[in-house]
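Everything below concerns the one structure shown next.
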There are 2 protein chains.
Amino acid sequence: MRTQINRVLTGIAGVCLGMSAATAATAATEIEKVMKDRGLTEKNLLAAAQTYTPTGGRDEYIAFASGGQSGHVIVYGIPSMRILKYIGVFTPEPWQGYGFDEESKAVLAQGNIHGKEITYGDTHHPAFTETKGEYDGQYLFINDKANPRIALIDLKDFETKQIVVNPVFKSSHGGAFVSPNSEYVIEAAQYPAPFTNEYVPLEQFNEKYRGGMTYWKFERKDGHGRINVEKSFTVQAPPYSQDLSDFGKNASDGWSFTNSFCTERYVGGIEKGRPPYEAGCSQKDTDFLHVVNWRKAEKLIRAGKGVRINDHDVLTVETAAKEGVLFLIPEPKSPHGVDVSPDGESIIVSGKLDTHTSVYSFAKIQKAIKDKKFEGKDPYGIPIIKMQDALARQVELGLGPLHTQYDAKECIAYTSLYVDSMVGKWNYCEGKLLEKISIHYNIGHLMTMEGDSVSPDGKYLVSLNKLAIDRFNPVGPLHPQNHQLINISGDKMELMYDMAIPLGEPHYAVAIRADKLKPVIRYKSGWNSRTDSRSKFKTRAGREKTVRTPGKVEIFGTTIRSHITPETIEAEVGDEIVLHLTNLERAQDETHGFAIYGHNVNLSLEPGKTVTARFIVEKEGVYPYYCTEFCSALHLEMEGYLLVKPKGYKAVAGEIEEGTKYTQADYDKQVKTNVATQEVVDSVVAFITSHNYKDFPEVVSLVEDATDQLGFATEAKTKSEKFAADKDWQNATLWAGQWWQYQVKTADIGLRAKTFLEQNGAKKIK
Amino acid sequence: MRTQINRVLTGIAGVCLGMSAATAATAATEIEKVMKDRGLTEKNLLAAAQTYTPTGGRDEYIAFASGGQSGHVIVYGIPSMRILKYIGVFTPEPWQGYGFDEESKAVLAQGNIHGKEITYGDTHHPAFTETKGEYDGQYLFINDKANPRIALIDLKDFETKQIVVNPVFKSSHGGAFVSPNSEYVIEAAQYPAPFTNEYVPLEQFNEKYRGGMTYWKFERKDGHGRINVEKSFTVQAPPYSQDLSDFGKNASDGWSFTNSFCTERYVGGIEKGRPPYEAGCSQKDTDFLHVVNWRKAEKLIRAGKGVRINDHDVLTVETAAKEGVLFLIPEPKSPHGVDVSPDGESIIVSGKLDTHTSVYSFAKIQKAIKDKKFEGKDPYGIPIIKMQDALARQVELGLGPLHTQYDAKECIAYTSLYVDSMVGKWNYCEGKLLEKISIHYNIGHLMTMEGDSVSPDGKYLVSLNKLAIDRFNPVGPLHPQNHQLINISGDKMELMYDMAIPLGEPHYAVAIRADKLKPVIRYKSGWNSRTDSRSKFKTRAGREKTVRTPGKVEIFGTTIRSHITPETIEAEVGDEIVLHLTNLERAQDETHGFAIYGHNVNLSLEPGKTVTARFIVEKEGVYPYYCTEFCSALHLEMEGYLLVKPKGYKAVAGEIEEGTKYTQADYDKQVKTNVATQEVVDSVVAFITSHNYKDFPEVVSLVEDATDQLGFATEAKTKSEKFAADKDWQNATLWAGQWWQYQVKTADIGLRAKTFLEQNGAKKIK
């Protein structure tokens, strides 16, 4: 038996990679043993092979999930299901310096509500910018449900660039959804409220509370995109709880669809003995799908047919009804997702409290509108299209259908079944359920690859489960979420991987082909990443300075392996400190951090970035600062002191007394070390330059970095030799030490390059 | 070829799991294809099998890594390398409600520095509580380098319970380290500073700046542990930059070891033309290992030999030197880790700028102390033991040795090599380098399983790399960290897995056997999790109330699937709102959240928890609130309104006008639905009770939850029937709807239980 396995797996290895028979045989025996020990099935091994990504490997797709009430966006790779980044969006995040430097504070401050600082968000629905209905990999939008806002994330650097506050809503679940050419982003209201900011009693709910859909105008030029608040507008809707939306595409381009719940317009009050909202909001068999002609709405707004509420253009529900902008169609009760098919012809809605999923036909809807065939009007005068006149078909899928995503295969869709804890695969053209698979547990949304675009890729499906319960090792009463990866490339759905979400509660996710993303690895030197422009506080090497004016100390400083300039900041109690720091590094991944004791100052400086910290020193004392990133072997020594003197402090005469004194012997010894180290450096350089390193971009950038470091070494050497000539052995020795530090950095980078060349089959050149 | 593979993998399946030959053959073909398509080697497949964890599987070890400047602690499983949780420690984290509810705000406020709120931490070194030198799985400590603090995390619920601020340090890298019976936790200073809080110029660095080691007293009784600030003390040290520490154990119990760098006592000033710290702090060939007799220090403190500085007991450097508490031994320059061997006899130190690692002998150190054999004293009067008198041996390992961890195998240790980007495996008894493995890239610390305990498990090693560079799909200039899992169970080290750290920069990590952790899944009802006691604001079902006093509205409310009580909160502009909420749920993973528009209120309520939000309503208006967790099919309807009236507002007469009116026909229809639903519920119940469900604890707790829900259904049914008897069809219909809601919840839970039984081989009982 064992021999057979060895022979066959040896065969695999032979075929695949030309391993030696002996090595492969050993591995085969080991795999057999591991499977037994860990209780893995054949299917598990297959799933392992399909998802395991060896060191340096790449994922095919990159998913962006909302982080729920963590306020972040979560980025992970598919199929490895490794989380690659949490992007700070509505919540300050110190690792990224987000909400700590003045540049990012300015972004967060855009999101203040009635002047109040909000330090979290409840992110729900991320959406990519699109070009002709295809994800273009440029930007990502995400909403905040708790405080209706939309944020814009730049996929060049995975940073949040803008936050806009909805001027009329008090809640917004259903955003962001992007039009096929990213002209607009929908943010729909959820819990109805007055559009103005005044108090209106619940007794006037029907008359004065309203819902609606805001169309945020997005503009981009020369790779720079921002939401234009002035050109954005809202189509007002009745006080139904609007929910998710989708833009029409292809056939239905120019239209958008928003569903709703609680069209009963129920007002709860369990504390007064009234049945709770959950009872009153789910009583009718149907709610309303809102159908909006947004191009017409846009024209009406531009033509001045809107009203201004809170400095924002609103097309009132009366105008929207009268002008043929807004129509309603009954939909099964308490729906969540509304999802337009890739060709734009089908609009699929599922009501969580109905076992059916409903396929609406855009052509039928248009015909009813054209024929003015309505079953009546709602209490706000909006024409209601009869359900049967708009439906293509309904399909019984199971309990708690919720959200639908599309496959690359024609007419194939996947719908999450919350109560069943299953995913249903079905044919929406034929109205036929094909297969169901169990998930763990209680799925909310689901996601196929590029599933919201005009050309979904299928391949993988991720089930965004709301409960993990027993899936992972226990970590206390608050559980992680469970994202389950399902293989949909074959005829049958196959569960592949359970992934824990360690922070936040993702609601919705979108996945893009990895090769569409082209993030930068460094900024142009002296860059304000939040405004996408050169910082006016950028500082070049050697140009660092401290500017003192009464009550203010302004520093233009720099960071580089392994020192911060300046290393001393002196101030008086009460001074305002304005600290601009530029990271001079050009090397990939050479981020420096900056923290000062006791002042809540914490910065992240990616290569090229300039950031500003602003604070008042309120108490006298000694406040060390340092680089928080382990950036080189000497990173602990990347330090300095903020010294805050009492007001009117009179300096005591004296100089810094050297803790250790150096002699000519020390200098000579250091130089000897440096000469020996240079030999190591030279041997590494010789190895690199004798190989075809220029064929490896990773190594070319390492060589550039090493060359920089060696340049610094030469500068320090010159200083050292100058002091030695003056017989100033203290400075001569210390600069010789600094010269050596740069040599060590050069060697570090050089060795990394050498290892890379060795491991990646570099060839000797003649 | 294919036939052979099929036959053999069929064989594996047959042997391992009794799969059918046909199924296994198909899978085998697929594995072959996947390996080819994804370019996987035989070794990759083995690593995949060793790390892949199928749905519901458990990890062997749970690692706790510091989150660096994210201020969190990161929890992940080994070998799956899935991150299970980020625990909020020094940084507010909204998903957990951490820093949003008053209970956790009180914990964070313990960490204020000179009265200033600090909203991040730079976490460095986590450490478990120990009993007899073994990890006991009760608590975890972690330090903040930027603002010298220690936090205590309870492993019962993975929550932060306490933060203590170091009263004398202004920086602290080297903490936390725990004594073998958790009596004390070491936090060592890093950048020297005056112990008092006044300004002292750098010219007085040698005379007035100091370092030291704080010994935090930890006490636990009846499962409740806290740091006792009053009984904690500091052993002062010279202004060398103290770094990492370790407690002695077994042979060396009663002693502790702390290393240091910059014993040159160099003061930088690159902005004034002085060589930077990195040069001046790495000039000497050696720094000092600090050897502390902490039991003697404790006795001296208790005997009143300390001085009080900032209300804290300090053993001055002079007393420590004179009384035989503190000794110094030269160590290779710029060391980082100091690591005591499991038997306590060897103390291993590596200097990052020396290619050797040094093994000190505790016996030799004790002999030198006993014999009073010193090579002299440092400028502060501390006896210096000659390096040769304390060293057992030195071993040349490579460039940039940094930190050492121990194996289960005798005399085997692993040392990280930062500059080499390698891990060295060596025999520290024989002084022999055994093997080196490349990592990617620039490793800082490393971790073996239970590697800091008296009985390390070996098995796995994690390399905590400082640079990821090209290991993952790019996500912008700020890269994730890369934790690489290495198999050390065999003769050769084998790289198994690359794991991205998506948030924060872990410095150090510790891993514990998973079965030692026994976290709870729910709190006792009405629990203040931060003080570990019953909340005085706990509220039971039916006892909810709103208490109004002038200027204040105090609410005692509850949450349960799917409503919040109360559903309306009325207040006047300027009122203080104090909102106590208790989550009535007992079911595992049934957390509710709570967010209010515009007021920065965001709570997380795990089952049983009581939390409080406190805020002022500053502006009139309508502010929706809702549950932020997707807790049931009706979670969107778990909503309410905070209504803020202008001061002196006169109520307009009138009642809530029902948006939808119900008749007897509606009532009858709902009842008919309920009867049908009850049949589904009954059939599920019949299935469950006809199987041996009591053998499955997961199902037993689901059945308990379902029984609760069904009880609620009965209550709603009673109400509904009462209103029907009175011909109040509005209330009768709505309560019938609520009755149905509870039925749906029952069915949801029941179906989950049924699926579990089906998938886990439950048997029919007679």
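Residue by residue through the range B:205-210, which ³J(HN,Hα) values in whole Hz follow from phi under the Karplus form 6.51 cos²θ - 1.76 cosθ + 1.60 (θ = phi - 60°), with glycine and proline marked x?
3, 5, 7, 10, 7, 9
Under the Karplus relation 6.51 cos²θ - 1.76 cosθ + 1.60, θ = phi - 60°, what is the ordered set of whole-Hz ³J(HN,Hα) values for the range A:481-490, x standing for Gly and Pro?
7, 10, 9, 9, 8, 10, 7, 10, 6, x
Stretch A:Lys545-A:Asp285 to full length: gain in nm at 0.36 nm per residue minus the Cα-Cα span?
Difference between extended and current length: 86.5 nm.
Would you tell me the mean number of C-beta atoms belonging to other protein chains that fall within 10 Å of each C-beta in B:152-164, as a whole number?
1
If amide H atoms are built 1.01 Å from N in the plane of the peptide, which residues on other chains or at least 5 residues away come under 5 Å of the amide H of A:Gly444?
A:Leu464, A:Asn465, A:Lys466
Does chain A come out rounded, prolate or oblate, given a ≥ b ≥ c as the square roots of the eigenvalues of its C-alpha gyration tensor, rounded meaning a/c under 1.5 and, failing that, prolate meaning a/b above b/c?
Taking the square roots of the gyration eigenvalues as a ≥ b ≥ c, chain A is oblate.
Nearest 10 degrees, 0 to 90: what angle lies between the long axis of helix A:2-17 and the longest principal axis of chain A (Cα atoms)?
Approximately 80 degrees, to the nearest ten.
Identify, among B:Ile749, A:Asn310, B:Gly542, the residue whose Cα sits farthest towards the positive end of the charge dipole of the protein assembly as shown, taking +1 on the Cβ of Lys and Arg and -1 on the Cβ of Asp and Glu, with the dipole about the Cα centre.
B:Ile749
In whole Hz and in residue order, list the ³J(HN,Hα) couplings for the range A:452-459 that follow from phi through the Karplus curve 6.51 cos²θ - 1.76 cosθ + 1.60, θ = phi - 60°; x for Gly and Pro.
So the J values, rounded to whole Hz, are 9, 8, 6, 9, x, 8, x, 6.
Check B:Ala392: other-chain or 5+ apart residues with amide H under 5 Å from its amide H, H built from backbone geometry?
B:Val359, B:Tyr360, B:Ser361
Residues of A:262-269, mean number of Cβ from any other protein chain within 10 Å of their own Cβ, rounded to a whole number?
If you average over the peptide's residues, the count of other-chain Cβ atoms is 6.
To the nearest 0.05, what FRET efficiency results for B:Glu435 and A:Lys217 with a Förster distance of 60 Å applied to their C-beta separation?
Computed FRET efficiency for B:Glu435 and A:Lys217: 0.45.
For the protein assembly as shown, with the dipole built from +1 on Lys and Arg beta-carbon atoms and -1 on Asp and Glu ones, taken about the Cα centre, which of A:Thr559, B:Val520, B:Ser604 lies farthest toward the positive end?
Result: B:Val520.
Could you list which residues have their amide H under 5 Å from that of B:Tyr418, counting only those 5 or more apart in sequence or on another chain, with H placed in the peptide plane?
Hits under the 5 Å cutoff: B:Leu402.
Just want to confirm a number: the relative contact order over the range A:664-759, from Cα pairs under 8 angstrom separated by 6+ residues, in percent.
Result for the range A:664-759 is 44 percent.
Among A:399-407, A:560-568, how do they line up by average Cβ neighbours within 10 Å per residue, starting with the highest?
In descending order of packing, they fall as A:399-407, A:560-568.
If you put a point 7 Å past Cα along the Cβ direction, how far is that point for A:Lys524 from the same point in each other copy, in nm, smallest first?
Copy-to-copy label distances at A:Lys524, shortest first: 6.4 nm.
Summarise the partner chain shielding of B:553-563 as one whole number: the mean count of Cβ atoms from other chains within 10 Å of each residue's Cβ.
2
Divide by every residue of chain B the summed helix terms, -39500 (n - 2.57) for each DSSP H run of at least 4, and state the resulting mean residue ellipticity at 222 nm, rounded to the nearest 500 deg cm²/dmol.
Details: 13 runs with 174 residues, N = 766.
That comes out to -7000 deg cm²/dmol.
Would you kindly work out, in nm and rounded to one decimal, the distances from the label point of A:Ala303 to those of the same position in each other copy, ordered shortest first, with label points 7 Å along Cα-to-Cβ?
The answer, with the shortest distance listed first, is 9.6 nm.
Quick one: angle between helix A:21-38 and the longest Cα principal axis of chain A, in degrees between 0 and 90, rounded to 10, please.
60 degrees
Just to confirm the number: angle between the C-alpha axis of helix A:664-689 and the first principal axis of chain A, 0 to 90 degrees, nearest 10?
Tilt relative to chain A: about 50 degrees.
Using a simple spin-label model with points 7 Å from Cα along the Cα→Cβ vector, what separation in nm is obtained for A:Lys661 and A:Asp728?
Going from the A:Lys661 label point to the A:Asp728 one covers 1.7 nm.
Could you give, in nm with one decimal, how far B:Arg543 is from each other copy of that position, shortest first, with labels 7 Å out from Cα toward Cβ?
6.9
Report the charge-dipole magnitude of chain A in Debye, nearest 20, computed about the Cα centre from +1 at each Lys and Arg Cβ and -1 at each Asp and Glu Cβ.
1020 debye
Which trypsin sites (Lys or Arg not before Pro) does the range B:129-198 hold that lie in a coil by DSSP with at most 16 other beta carbons within 10 Å?
Those that pass, being in a loop and sparsely packed, are B:Lys132.
Provide the packing ranking of A:542-551, B:736-745, A:595-604, B:640-649, i.e. peptides ordered by the mean count of other C-beta atoms within 10 Å per residue, highest first.
Listed from highest to lowest mean packing, they are B:736-745, A:595-604, B:640-649, A:542-551.
Dipole size in debye (nearest 20) for the protein assembly as shown around its Cα centre, Lys and Arg Cβ +1, Asp and Glu Cβ -1?
Its charge dipole is roughly 260 debye.
Give the residues of the range A:447-491 whose amide nitrogen is closer than 16 Å to a point set 7 Å from the Cα of B:Gln759 in the direction of its Cβ.
A:462-473, A:481-487
Rounding to the nearest 20 debye, state how big the charge dipole of the range B:407-474 is about its Cα centre with +1 on each Lys and Arg Cβ and -1 on each Asp and Glu Cβ.
200 debye
Readers should treat all values here as calculations from the given coordinates under stated rules, not as data from a laboratory. Please read all numbers here as calculations on a predicted model, not as lab measurements. Note that we place each Cβ from the backbone using ideal geometry, even for glycine, and neighbour counts take in every protein chain shown.
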